[in-house]
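Enquirer: The following block contains the structure, expressed as structure tokens.
The values are calculated or read from the model by the stated rules, or taken from the named source; none is laboratory data. What you see is a predicted model, and the numbers here were worked out from it, not measured in a lab. Glycine also receives a Cβ, built like all others from the backbone with ideal geometry; neighbour counts cover every protein chain displayed.
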Amino acid sequence: MSGVLRAFTIGLTAFLTVVDLFATQAILPALTTAYGVTPAAMGFAVNASTIGMAIGSLAVALFGRSFDRRRGILLSLVFLAVPTALLATMPNLMVFTALRVTQGLCMATAFALTLAYLGEHTSAADTASAFAAYITGNVASNLFGRLLAAGVVDHLGLAANFYVFAALNLSGAILVWFSVERAEPMRQMDMSHASPLTSWLAHLANPALRAAFLTGFLILFAFIGTFTYVNFVLVGPPFSVGMMMLGTVYFVFLPSVITTPLAGRVVARFGTRPTMWGSFAVALAGLPLLLSGNFSALLAGLVLIAVGTFFAQATATGFVGRAATTDRGSASGLYLASYFLGGLVGSAVLGQVFDRLGWTACVAGIGAALVLGGLLAFRLEVSPVAGSRPMPRPLPSR
């Protein structure tokens, strides 16, 4: 397989693995109307997938050392199609939420095992390009997943949307069947003989890692707060954007597809803390534009927030690998769990703020999270011993 084809295959696998995660945000107004609930209630239900993502990330970190990577990825993607298709039946909100949690469990298992496979079975010369392709596929899913969801709902309705995404899940399984080679899981070179729980306690005792975990929490808190509730701003006056146009709004993610894979190079040149400060500064610069009555200005604000938060995510995940002195897999699991928990809390807290106090107060809450993330960057430094190791590959973004 040529290098270009291989990178495309890896990126497409990432895309099909997590395309369900945020695509549903683009149809939040339609779902809110269909279920007859408040934006906060529907926002929480849609983003409940992050609960499953957090649990799944921890489960793979705890039990996934001896999993057959290929079989686990295949089964996860096949099982993912089941709750996705069941969402088309328009169940009550409680069942809808439970199905979203189940989707999150399947998605987290699939992409965590894919990460493990790439780390174990990619040559040193090809590793950087493999992970860059995976990151890019994850970022692209934020754009094209939302665009597809909005288009399908606009033309075919809500039920058809979920059937289409179930078909995409099965397509991902087929792609893995033909592109991922059978291979036994390899032992991690930095894994100690300690139990996973002991490793987790050691990670939590590390101040730099604690700061990184909380930073991940704040990144997705701000991201979900922005891209969940801005939908309701866009469909209301003065913008009154239609469903199909709402999908095209998410071309604001296109610059991030280009910038996010560059995070490793920027960190190597300037260091983690300056890179993180720059990322949060870019995102903060976009907040005032979200309050503008000008459509173009609002879109520019969304571009800045997307670029800044995606870049911060890539920087933070890379830092976790450097700061962990043992069992990097469990450190990554803790980081991802905190990251996705931040998304859940962001949707719940900022949803209530949006319902009760409005969009301006919601944007203020997003800004507070970004500022706190910038302050935490002061703690993002590793010891000379840990820092002497080569910089690891960053985990994929959202």
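Enquirer: In this structure, does Phe162 turn out to be within 25 Å of Ile55 (Cβ to Cβ) and modelled with pLDDT under 85? I'd like the intermediate steps shown before the answer.
Expert: On the way: within 25 Å of Ile55 (Cβ to Cβ): yes; modelled with pLDDT under 85: no.
It is false that Phe162 is within 25 Å of Ile55 (Cβ to Cβ) and modelled with pLDDT under 85.
Enquirer: Against the condition outside any helix (DSSP H, G or I), at pLDDT below 95 and not charged (D, E, K, R), how does Leu395 come out, does it pass? Before you say what the answer is, go through the steps one by one.
Expert: Details: outside any helix (DSSP H, G or I): yes; at pLDDT below 95: yes; not charged (D, E, K, R): yes.
For Leu395, the condition - outside any helix (DSSP H, G or I), at pLDDT below 95 and not charged (D, E, K, R) - is met.
Enquirer: Which of (1) farther than 21 Å from Gly151 by Cβ; (2) crowded, with 20+ Cβ neighbours inside 10 Å does Ala7 not meet, given it meets every other one?
Expert: (2)
Enquirer: A further question follows. Among the residues of segment 59-69, write down those that are surrounded by fewer than 21 Cβ atoms within 10 Å (Cβ to Cβ) and either modelled with pLDDT of 75 or more or not in a helix (DSSP H, G or I) (or both).
Expert: Within segment 59-69, Ala59, Leu62, Phe67, Asp68 qualify.
Enquirer: Moving on. Could you figure out which of (1) part of a helix (DSSP H, G or I); (2) out of contact with any Cys (no Cβ under 8 Å at 6 or more places or on another chain); (3) at pLDDT 90 or above isn't true of Gly52?
Expert: Among (1) part of a helix (DSSP H, G or I); (2) out of contact with any Cys (no Cβ under 8 Å at 6 or more places or on another chain); (3) at pLDDT 90 or above, the lone unmet condition for Gly52 is (2).
Enquirer: Among the residues of segment 312-323, is any crowded, with 24+ Cβ neighbours inside 10 Å and free of Cβ contacts under 8 Å to residues at least 24 places away in the same chain?
Expert: Within segment 312-323, not a single residue is crowded, with 24+ Cβ neighbours inside 10 Å and free of Cβ contacts under 8 Å to residues at least 24 places away in the same chain.
Enquirer: Still on this model: Residues of segment 241-282 being under 18 Å from the mean Cα position of the chain (by Cα) and more than 18 Å from Gln25 (Cβ to Cβ), which ones? Steps first, please.
Expert: Of segment 241-282, the ones under 18 Å from the mean Cα position of the chain (by Cα) are 250-264, 276, 279-280.
Matches in segment 241-282: Pro255, Ile258, Thr259, Thr260, Pro261, Leu262, Ala263, Gly264, Met276, Ser279, Phe280.
Enquirer: At pLDDT below 95, in contact with a Lys or Arg (Cβ under 8 Å, 6 or more places away or on another chain) and among the basic types (Lys, Arg): does that describe Arg328? Before the answer, list the steps.
Expert: On the way: at pLDDT below 95: yes; in contact with a Lys or Arg (Cβ under 8 Å, 6 or more places away or on another chain): no; among the basic types (Lys, Arg): yes.
The answer is no for Arg328.
Enquirer: Ok, one more. Tell me, please, whether a residue that is closer than 22 Å to Gly321 by Cα, assigned to a helix (DSSP H, G or I), charged (D, E, K, R) and touching a residue at least 12 places away in the same chain (Cβ under 8 Å) can be found in segment 263-283. First the steps, then the outcome.
Expert: Quick first cut of segment 263-283, residues closer than 22 Å to Gly321 by Cα only: 263-280.
Restricting the remaining residues to those that are assigned to a helix (DSSP H, G or I) gives 263-270, 272-280.
Remaining after also requiring charged (D, E, K, R): 265, 269, 273.
From what is left, the residues that are touching a residue at least 12 places away in the same chain (Cβ under 8 Å) are 273.
For segment 263-283, residues closer than 22 Å to Gly321 by Cα, assigned to a helix (DSSP H, G or I), charged (D, E, K, R) and touching a residue at least 12 places away in the same chain (Cβ under 8 Å): present.
Enquirer: To continue, here is another question. Looking at (1) modelled with pLDDT of 90 or more; (2) farther than 30 Å from Leu291 by Cβ, which is the one condition that is false for Gln188?
Expert: If we test Gln188 against (1) modelled with pLDDT of 90 or more; (2) farther than 30 Å from Leu291 by Cβ, just (1) comes out false.
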